[in-house]
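For reference, the structure is listed below as C-alpha cells.
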Amino acid sequence: MAYKVVVMGVSGSGKSTLARRLAQALNGSFVEGDDHHAEESRDKMRRGIALCDSDREPWLDRLSACMHTKADTTVLSCSALKRSYRARLRASVDDLNFVFLDISLSEAIERVSQRRGHEFPASLVADQFAALESPAGEGRVLCLSAGQALGRNVAEAVRWIRAETEQSVGH
C-alpha cells in the first residue's frame with residue numbers, strides 16, 4: 001500500500017523532522033518542500049520578504065507533480081498554510097493525507113531563531129501565522145501538537161494514516 005502524506009504547519013513546527021521520520025516508518029520517500037522553491041522565492045525569504053500566493057502556486061504545482069510521479073509512499077514537508085493550497089495539492093494527488101503540526105507563535109519564533117544556515121528568518125514567522133487557515137475539520141487531516149515527543153507523533157501519524165487509508169479503500 002502506497003501512502004501520500006503532507007506534513008504541514010508554520011515554519012518551526014518541526015514538519016521536516018516529522019516528515020523524514022514518518023517516511024522512514026512507512027518505508028517511503030521523503031520530499032523536502034523547501035528544496036523546490038524558485039530561486040526568486042528563496043531570495044525573497046532571505047531578505048525577510050513574505051511569499052505571496054503568486055510565489056507559492058508554481059511551487060505547489062511542482063510539489064504536486066513530484067508526489068504524483070512517485071508510485072511509492074511519499075511524505076512531503078510543506079507549509080500548506082491556506083485551504084486553497086491544500087485544495088491545489090489534493091486536486092493532483094489522490095487520497096492525500098495531511099498531518100498538521102500545531103504550535104504557538106512564541107514557540108515557533110524561538111525554534112526558528114535557533115536555526116543556523118536556514119534561509120527562512122524568524123521575522124517571517126508571524127506572517128505565516130497570519131496566513132494560516134487551520135485545517136482542523138477538513139477531511140483526511142490529523143492535528144498533532146508540535147510540543148509532543150517526536151516518537152509519539154510518528155506513532156500516532158502512522159496509526160492514523162493506515163486507518164484512514166484502509167477506510168477509504170474499504171469504501
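Where helices (runs of 4 or more DSSP H) fall entirely within region 101-171, those with at least 2 residues that are modelled with pLDDT of 95 or more and of a type in the set (Lys, Arg) are at 150-170.
Considering region 46-68, and only residues there that are more than 11 Å from residue 80 (Cα to Cα) and basic (Lys, Arg), the residue that is surrounded by the fewest Cβ atoms within 10 Å (Cβ to Cβ) turns out to be 47. Going through region 130-154 one residue at a time, which ones are touching a helix residue (DSSP H, G or I) at 6+ places or on another chain (Cβ under 8 Å), over 18 Å from residue 16 (Cβ atoms) and surrounded by fewer than 17 Cβ atoms within 10 Å (Cβ to Cβ)? Correct list: 133, 138.
Just to be sure I understand, how many residues within region 85-100 are in a loop (DSSP other than H, G, I, E, B) and buried (at least 18 other Cβ atoms within 10 Å of the Cβ)?
Taking region 85-100 as the starting set, the residues that turn out to be in a loop (DSSP other than H, G, I, E, B) are 93-95.
Of the ones still in play, those that are also buried (at least 18 other Cβ atoms within 10 Å of the Cβ) are 93.
Residues meeting the conditions: 1.
Counting just the residues of region 21-74 that are in a loop (DSSP other than H, G, I, E, B) and touching a strand residue (DSSP E or B) at 6+ places or on another chain (Cβ under 9 Å), which one comes out farthest from residue 162 (Cα to Cα)? Restricting to residues being in a loop (DSSP other than H, G, I, E, B) and touching a strand residue (DSSP E or B) at 6+ places or on another chain (Cβ under 9 Å), the top hit is 70. Among the residues making up region 75-84, a single one is of a type in the set (Ser, Thr, Tyr) and assigned to a helix (DSSP H, G or I): 84.
How many of the residues in region 127-171 are among the acidic types (Asp, Glu), under 22 Å from residue 27 (Cβ atoms) and touching a residue at least 40 places away in the same chain (Cβ under 8 Å)?
Filtering region 127-171 for residues among the acidic types (Asp, Glu) gives 127, 133, 138, 156, 164, 166.
Checking which are under 22 Å from residue 27 (Cβ atoms) leaves us with 156, 164, 166.
Imposing the further condition that a residue be touching a residue at least 40 places away in the same chain (Cβ under 8 Å) reduces the set to 164.
Qualifying residue count for the region: 1.
The values are calculated or read from the model by the stated rules, or taken from the named source; none is laboratory data. Computed from a prediction, not measured in an experiment: that's the story for all the values here. Positions of Cβ are generated from backbone atoms using ideal geometry, with glycine treated the same way; all protein chains shown enter the neighbour counts.
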